[in-house]
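Everything below concerns the one structure shown next.
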Amino acid sequence: MNYIIQFLTYFRIFIAPIIFLLIISNLYGWALFFTLIASMSDFWDGHLARKYNLESVLGSILDPIADKILLTFLILSLSLSMSSTYIGFIGGLILIREFWVAALRDINARANNEAATTVTTLAKIKTFTQLTAFLVIILGLYSNNTLVIFIGNFCLFISLIVTLQSGLEYTLNTFSHLKSRR
């Protein structure tokens, strides 16, 4: 079972550049299919690791990295394919939060305060809303439906709000712990 869990994480890392190539090649049906599979793999690797008590240090490090890699390739490919300043800007803000939280995790690891950046329910909702937004946008491209793309863009804005809120939560947890240690 451990190999299946690791495979699901590695799958997201390796499929991300393929999704990028599919999107910029206007092969939206395949991009939609693989993005959906990658999104489901994010749920299943964590679910199976918890269910079978196979959570590992390597998995806890690679899982968020795999998510960031997939997210980065989705933002880049959709920004380029659609010539979308909106997706590029919102995506940039989302990526800033992702890098910030990675820095917070490093700070907390050095301060022996890993609990401050343990994955929260809000962070899981954040990932879900991000992936849903990108799936809806790709569906809109595949179906050539501007209303669906508009809905996807709206979902992306909602995901930005959730993303920033979860980043703020991690920030407050980190600095309240650091302040109390002084």
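The values are calculated or read from the model by the stated rules, or taken from the named source; none is laboratory data. In this text, all values refer to a predicted model and were calculated from it rather than measured experimentally. Positions of Cβ are backbone-derived with ideal geometry, glycine not excepted, and every protein chain shown enters the neighbour counts. Remember, those area values only see protein heavy atoms, side chains included, never the ligands or the DNA or RNA. Shrake-Rupley method; radii C 1.70, N 1.55, O 1.52, S 1.80 Å.
What FRET efficiency would be calculated for the residue pair residue 114, residue 40, taking the C-beta separation as r and a Förster radius of 30 Å, to the nearest 0.05? According to the calculation, E is roughly 0.65.
Tell me the angle of helix 146-180 to the major Cα principal axis of the chain, expressed in degrees between 0 and 90 and rounded to the nearest ten. Approximately 10 degrees, to the nearest 10. Just check the chain against the gyration tensor rule for me: Cα atoms, a ≥ b ≥ c as the square roots of the eigenvalues, rounded for a/c under 1.5, and otherwise prolate or oblate depending on whether a/b exceeds b/c. It comes out oblate by the Cα gyration axes. To the nearest ten degrees, helix 2-24 and the longest principal axis of the Cα atoms of the chain are 40 degrees apart. Counting only heavy atoms of the protein chains and using a 1.4 Å probe, residue 11 has close to 40 Å² of accessible surface. Rounded to 0.05, the FRET efficiency of the residue 177 and residue 10 pair, given R0 = 45 Å and the Cβ-Cβ distance, is 0.85.
Can you tell me the length gained on complete extension of the stretch residue 151 to residue 124, counting 0.36 nm per residue apart and subtracting the Cα distance?
Computed gain between residue 151 and residue 124 is 7.6 nm.
Calculated mean residue ellipticity at 222 nm for the chain: -30500 deg cm²/dmol, from DSSP H runs with n ≥ 4 weighted as -39500 (n - 2.57), summed, divided by the residue count and rounded to 500.
What's the ranking of 53-61, 74-82, 2-10, 163-171 by average number of surrounding C-beta atoms within 10 Å, highest first? Could the numbers behind the result be given before it?
Details: 53-61: 12.2, 74-82: 20.8, 2-10: 16.1, 163-171: 18.7.
Result, highest mean Cβ count within 10 Å first: 74-82, 163-171, 2-10, 53-61.
Mind telling me which of 109, 123, 38 comes out most flexible in a GNM of the chain, alpha-carbon contacts under 10 Å? It is 109.
Accessible surface of residue 124, taken over heavy atoms with a 1.4 Å probe and every protein chain present, rounds to 100 Å². By how many degrees, between 0 and 90 and to the nearest 10, does the Cα long axis of helix 28-51 differ from the longest principal axis of the chain? Orientation of helix 28-51: about 20 degrees from the principal axis. Please report how far the C-alpha centroid of region 8-31 lies from that of region 70-84, rounded to the nearest whole angstrom. That distance is 11 Å.
Which whole-number percentage describes the relative contact order of region 1-116, with Cα contacts under 8 Å and a sequence gap of 6 or more? Numbers along the way, then the final one.
Values: 88 pairs, mean separation 35.8, N = 116.
So the answer I get is 31 percent.
Here the label points at residue 132 and residue 52, each 7 Å from Cα along the C-beta direction, are separated by 2.9 nm in the simple model.
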